[in-house]
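Have a look at the structure below, then the notes.
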Amino acid sequence: MEFSAEMIASFLKGEVAGNKNSVVTNYAKIEEGKNGDLCFLSNPKYEHYIYTTDASIVVVSDKFSPQSEVKATLIKVEDPYKAFADLLVLYVANKPQPEGVSEKASISEKATIGENNYIGDFTVVEDGAKIGSNCKIYPQVYIGLGVKIGDNVTLRPGVKIYEGCVLGNNIELHAGTIIGSDGFGYAPVGDSYEKIPQIGNVIIEDDVDMGSNCTIDRSTMGSTIIHKGVKLDNLCHCAHNTEIGENTVAAAFLGVAGSSKVGKNCVIAGQVGIVGHISVADRTTIGSLAGITRTIKEENGSYLGFPSIDSNLFKRIHVIQKKLPDMYTEMRTMQKEIAKLKETIEKFETK
Amino acid sequence: MEFSAEMIASFLKGEVAGNKNSVVTNYAKIEEGKNGDLCFLSNPKYEHYIYTTDASIVVVSDKFSPQSEVKATLIKVEDPYKAFADLLVLYVANKPQPEGVSEKASISEKATIGENNYIGDFTVVEDGAKIGSNCKIYPQVYIGLGVKIGDNVTLRPGVKIYEGCVLGNNIELHAGTIIGSDGFGYAPVGDSYEKIPQIGNVIIEDDVDMGSNCTIDRSTMGSTIIHKGVKLDNLCHCAHNTEIGENTVAAAFLGVAGSSKVGKNCVIAGQVGIVGHISVADRTTIGSLAGITRTIKEENGSYLGFPSIDSNLFKRIHVIQKKLPDMYTEMRTMQKEIAKLKETIEKFETK
Amino acid sequence: MEFSAEMIASFLKGEVAGNKNSVVTNYAKIEEGKNGDLCFLSNPKYEHYIYTTDASIVVVSDKFSPQSEVKATLIKVEDPYKAFADLLVLYVANKPQPEGVSEKASISEKATIGENNYIGDFTVVEDGAKIGSNCKIYPQVYIGLGVKIGDNVTLRPGVKIYEGCVLGNNIELHAGTIIGSDGFGYAPVGDSYEKIPQIGNVIIEDDVDMGSNCTIDRSTMGSTIIHKGVKLDNLCHCAHNTEIGENTVAAAFLGVAGSSKVGKNCVIAGQVGIVGHISVADRTTIGSLAGITRTIKEENGSYLGFPSIDSNLFKRIHVIQKKLPDMYTEMRTMQKEIAKLKETIEKFETK
């Protein structure tokens, strides 16, 4: 795709400064801009790059006035960062999209498939499954018995959805993600363990995104629920009977153990663990590598460490922890001093 | 499937109180029971739900006597929790099971396949592989050259078993789990690394279950061994030449580094790491996010933290750690007081 | 394959002591050697096994002189460990290799495929993809639109490479690894989040190996880069716009958050987290379960803990931490003693 400065300015409702016939075919970061690239200058600390870049067009703030000569054509807009995101969306929307149902897919005659879907090679859709419309089901996906999938759902290559799980609309699951594997439920019988059958399912509500190689287990009974608007990064794990509240976001390697409920609008950093059978209040922030070991009732808290504590306290402790070896030595010194003082005083007393 | 109260009571050897012709088609938690649902009341703290539930049938203890009117039909049994598990097993056993060998699978003529197996679409079985009987091999599974698989083995969609690995009987591996990828063995050569070929395999003994997206590496020579009765949750990793002892259970994200041996009947919580070339005694309990950094010889120990220590000591330290900022301040105060006392005493002495 | 002592000695430029017609068909560890096995004695602490082993041939140092009778044929070489690695390489190279392009693969006519490749069943190669020569693409792999792959690349079963990613030469990716899934980029819009399209790609340079179920995300713009010679273990995650420097090695569960750069020749243990937007200097060593939370500028450092600190300091703190409960008690004692001393002195003063 080739775009002229004039076309872009018109789309962004911006103003061209320079050659309005300049054309670009690609995006680039301003520090890497080459001829034919479209770049953005949003953060003032990168301003110096604009005087040396080989990019053909740079989108800048309408407040920007160059301190020296700029080779690139400029497009001035109110908010360059927003303009950047808008153009990315336009770019992606204009890319050719995969379409049609592959003859190499294995689709049960007892499945119900909506319209305008892409279903790739070697994908399996089992009996009783229902797929809405405008979905993109990439190759090598597995959609089990009776699975329900809404509209505008994208399942990347190799996603597996077990029997009976339910997905809403506007969902994207990245490659290798597994929905509905059995919850980890065993009852001890002597020295060994007997499996507790897991007959529930997983419900994924609208507007949920998951990264690659995540695992969301079905519940023992009832449903494991990933609520509306949740965004999970790669390699996240939600155990049986968990719930992740609306609009909560979590970075990679989140582990939520069985039956725990995470609230709405939480922000969870990477490699966080949440033990089983607890709940985490809405709008909780959890720092990376933290382990939440008990219910958090108060909203808007921020936690770090294992077992996690208030993050400010954690930081203060961390600073002082580094002084521990010195504290230990000083304490020994103090003990000696106290002993000496005692001795001196005893001498006085016996005088 | 539809079951009457009479049928269920007869299976559970229980007694019906209420309409013995009540029918149910589904399980539910008592707090979510609707018309047509079968529920259980095992934990007395949920008793209040029984007076309001819309469930059609509730299984209760034969010691239970209602404090007010109950709409549902009751089935009285000795142990409602055990009855629940028994019925779940019955329910799962009665579900229609996938069967037959798909024509869309690619099965080598040089493979040996037993009887009464299900092999799904797009599954690959390579030369020399041997599969027992009563197995369920779901779609998109890969079974490499010469792999041996026993009876009653379930491999969920997308499981991959590399060449030469050996699985016993009564095993279930969930979707995306990888058995037999190369161990992470490299020899430094100057600044770069040369791969040490990994020519061993993985042996998985009887009655082992693994969750989804686990990775078990083949050994350099000999075998990585997952012993009888081990249960691993999702996203667990066992490196080359490791062994996990009989009936050990581990929650998600376990990482066992090369050549380490975990004992029998250990209980391992989530996100635990075990460094390489050590061993962990039988019946060890390891808390979540702990890192085991040295051999544990004594059985029945319990560990937390990194590097992990006795879990009681860990908890005591954690309590006092929160007082560290105060301790630091108090210590400074004490130092001043000692200095003042010294001064005072010196004045005495010079009097 | 069957090899005689004479053939092996000739390959290793070693000398036979014993029956030069002894034959072996398999490798084994010396403690497990059976008739027909080839073993190695490199570490003197295993010497005692050589007097009892049933192995047919043992490779030993040319400095080794037996203290009692040895049944096995010996092959004496300068460096038995190097000889072991050389023979493993020979063994692997001599194994029959999969070959040919399966008719059950789905390969676009608009893809370019080199020579002497193996492409397995149910693998998908999309339009515009380019695959070099001497590659082994196992079954159920997905190679997206316009992906470029060099020579001597091995992709194990179920690997997924998204659109536009670029792989160099001599690369091996193990089963279930995902290259090029979307970076985790969202902009908050009120209480919910809007996805920032991820239009970059992933570049994997020559000589890179990855374990199974790794996830490497494409960048927002530009490229996520795994540089030449990097070796990643299973279940590692590199977020969008990250770079891993040449010859860096990392054990399982590494998580590198968005836009961070890890230097060259770093050695990273298991379950390490690196936060976003920082850089880690060349030749840094990071211990297991550590969390790197800020840029490391100095090369050759060694880090442990969360937030990670110098590993020697960490170890000193850890030792003293175990004394914290005692320190707390002693401090209380000291406070009482100081109070008593004060009292005593006050009495003196008022005399």
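The values are calculated or read from the model by the stated rules, or taken from the named source; none is laboratory data. The structure displayed is predicted, hence computed values, not measured ones. Using ideal geometry, Cβ is built from the backbone for each residue, glycine included, and neighbour counts are taken over all protein chains shown.
The number of residues in the stretch C:206-235 being over 12 Å from the mean Cα position of the chain (by Cα), in a loop (DSSP other than H, G, I, E, B) and either within 9 Å of chain B (Cβ to nearest Cβ) or not hydrophobic (A, V, I, L, M, F, W, C) (or both) comes to 9.
Got a number for residues in the stretch B:43-59 being closer than 19 Å to residue A:220 by Cβ and either surrounded by 17 or more Cβ atoms within 10 Å (Cβ to Cβ) or aromatic (Phe, Trp, Tyr) (or both)? Number satisfying all stated conditions: 7.
Looking only at residues in the stretch B:120-140 that are within 13 Å of chain A (Cβ to nearest Cβ) and in contact with a Lys or Arg (Cβ under 7 Å, 6 or more places away or on another chain), the one that is farthest from residue B:165 (Cα to Cα) is B:121. Residues of the stretch B:251-266 that are of a type in the set (Gly, Ala, Ser) and more than 14 Å from chain A (Cβ to nearest Cβ): B:257, B:258, B:259, B:260. Annotation note: of C:281, C:290, the sole residue that is at pLDDT 95 or above and within 10 Å of chain B (Cβ to nearest Cβ) is C:290. Against the list (1) farther than 27 Å from residue C:186 by Cβ; (2) more than 13 Å from chain B (Cβ to nearest Cβ), the condition residue C:276 fails is (1). The residues of the stretch B:49-90 that are under 19 Å from residue B:35 (Cα atoms) and of a type in the set (Gly, Ala, Ser), listed by number, are B:55, B:56, B:72.
Table: residues versus (1) of a type in the set (S, T, N, Q); (2) over 25 Å from residue A:187 (Cα atoms); (3) assigned to a helix (DSSP H, G or I); (4) in contact (Cβ under 8 Å) with a residue 24 or more places away in the chain.
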| site | (1), (2), (3), (4) |
| --- | --- |
| B:16 | no, yes, no, yes |
| B:35 | yes, yes, no, no |
| B:47 | no, no, yes, no |
| B:50 | no, yes, yes, no |
| B:67 | yes, yes, no, no |
| B:86 | no, no, yes, yes |
| B:91 | no, no, yes, yes |
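Considering only residues that are within 12 Å of chain A (Cβ to nearest Cβ), more than 10 Å from the chain's Cα centre (by Cα) and buried (at least 24 other Cβ atoms within 10 Å of the Cβ), which ones fall in the stretch B:236-246? Hit for the stretch B:236-246 is B:237, nothing else. Has the stretch C:330-343 got at least one residue that is in a loop (DSSP other than H, G, I, E, B) and either buried (at least 16 other Cβ atoms within 10 Å of the Cβ) or touching a Ser or Thr at 6+ places or on another chain (Cβ under 7 Å) (or both)? No: zero hits. Across the stretch B:85-121, which residue is surrounded by the fewest Cβ atoms within 10 Å (Cβ to Cβ) among those that are in contact with a Ser or Thr (Cβ under 7 Å, 6 or more places away or on another chain) and not polar (S, T, N, Q)? So, considering only residues that are in contact with a Ser or Thr (Cβ under 7 Å, 6 or more places away or on another chain) and not polar (S, T, N, Q), the one surrounded by the fewest Cβ atoms within 10 Å (Cβ to Cβ) is B:115. Of the candidates C:141, C:124, the single residue that is touching a Leu at 6+ places or on another chain (Cβ under 6 Å) and hydrophobic (A, V, I, L, M, F, W, C) is C:141.
Scan the stretch B:107-119 residue by residue and report those that are on the phi < 0 side of the Ramachandran plot and either away from every other protein chain (no Cβ under 11 Å) or touching a helix residue (DSSP H, G or I) at 6+ places or on another chain (Cβ under 9 Å) (or both). Correct list: B:109, B:110, B:111, B:112, B:113, B:114, B:115, B:117, B:118, B:119.
Here the stretch A:18-33 is the region considered, the condition is being in a loop (DSSP other than H, G, I, E, B) and at pLDDT below 90, and the residue that is surrounded by the most Cβ atoms within 10 Å (Cβ to Cβ) is A:33. In this structure, residue B:104 qualifies as farther than 30 Å from residue B:52 by Cα, assigned to a loop (DSSP other than H, G, I, E, B), within 11 Å of chain A (Cβ to nearest Cβ) and charged (D, E, K, R).
Listed by first and then second residue, the pairs linking a residue in the stretch B:306-324 that is more than 9 Å from every other protein chain (Cβ to nearest Cβ) to a residue that is among the basic types (Lys, Arg), with Cβ atoms under 9 Å apart and 6 or more places separating them unless they lie on different chains, are B:308/B:294. Within the stretch B:285-299, the set of residues being of a type in the set (S, T, N, Q) and assigned to a strand (DSSP E or B) comprises just one member, B:285. Contact annotation: residue pairs with Cβ atoms under 9 Å, 6 or more positions apart or on different chains, pairing a residue in the stretch B:244-266 that is assigned by TED's automatic domain parsing to the domain that holds residue B:218 with a partner that is among the aromatic types (Phe, Trp, Tyr) and surrounded by 24 or more Cβ atoms within 10 Å (Cβ to Cβ), are B:249/A:184; B:251/A:184; B:252/A:184; B:253/A:253; B:253/C:253; B:255/C:253; B:257/B:184; B:258/B:184. Does any residue of the stretch B:264-272 turn out to be crowded, with 24+ Cβ neighbours inside 10 Å, in contact with a Ser or Thr (Cβ under 6 Å, 6 or more places away or on another chain) and closer than 28 Å to residue C:87 by Cα? No, the stretch B:264-272 has no match at all.
Search the stretch C:4-17 for residues being more than 13 Å from residue C:58 (Cβ to Cβ) and within 32 Å of the chain's Cα centre (by Cα), and hand back the single one that is surrounded by the most Cβ atoms within 10 Å (Cβ to Cβ). Across the stretch C:4-17, the extreme among qualifying residues is C:11. Screening the candidates C:337, C:349 for the property of being facing chain B (nearest Cβ under 9 Å) and acidic (Asp, Glu) yields one hit, C:349.
In the stretch C:153-203, of all residues being within 23 Å of residue B:142 (Cα to Cα) and surrounded by fewer than 24 Cβ atoms within 10 Å (Cβ to Cβ), the one that is farthest from the other protein chains (Cβ to nearest Cβ) corresponds to C:171.
Only residues that are among the β-branched types (Val, Ile, Thr) and at pLDDT 90 or above were counted in the stretch C:323-351, giving 3.
Rundown of residues vs (1) in the same structural domain as residue A:125 (by TED's automatic domain parsing); (2) outside any loop (DSSP other than H, G, I, E, B); (3) farther than 19 Å from residue A:205 by Cα; (4) free of Cβ contacts under 8 Å to residues at least 40 places away in the same chain, yes/no style:
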{"residue": "A:139", "(1), (2), (3), (4)": "yes, no, yes, yes"}
{"residue": "A:146", "(1), (2), (3), (4)": "yes, no, no, yes"}
{"residue": "A:158", "(1), (2), (3), (4)": "yes, no, yes, yes"}
{"residue": "A:164", "(1), (2), (3), (4)": "yes, no, no, no"}
{"residue": "A:176", "(1), (2), (3), (4)": "yes, no, yes, yes"}
{"residue": "A:184", "(1), (2), (3), (4)": "yes, no, yes, no"}
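Among the conditions (1) at pLDDT 95 or above; (2) under 34 Å from the mean Cα position of the chain (by Cα), residue C:73 misses just one, which is (2).
Taking the stretch B:277-294, which residues are of a type in the set (Lys, Arg) and within 18 Å of the chain's Cα centre (by Cα)?
Within the stretch B:277-294, just B:283 meets the criteria.
One residue alone among A:326, A:282 is part of a loop (DSSP other than H, G, I, E, B) and either of a type in the set (Ser, Thr, Tyr) or farther than 17 Å from residue B:289 by Cβ (or both), and that residue is A:282.
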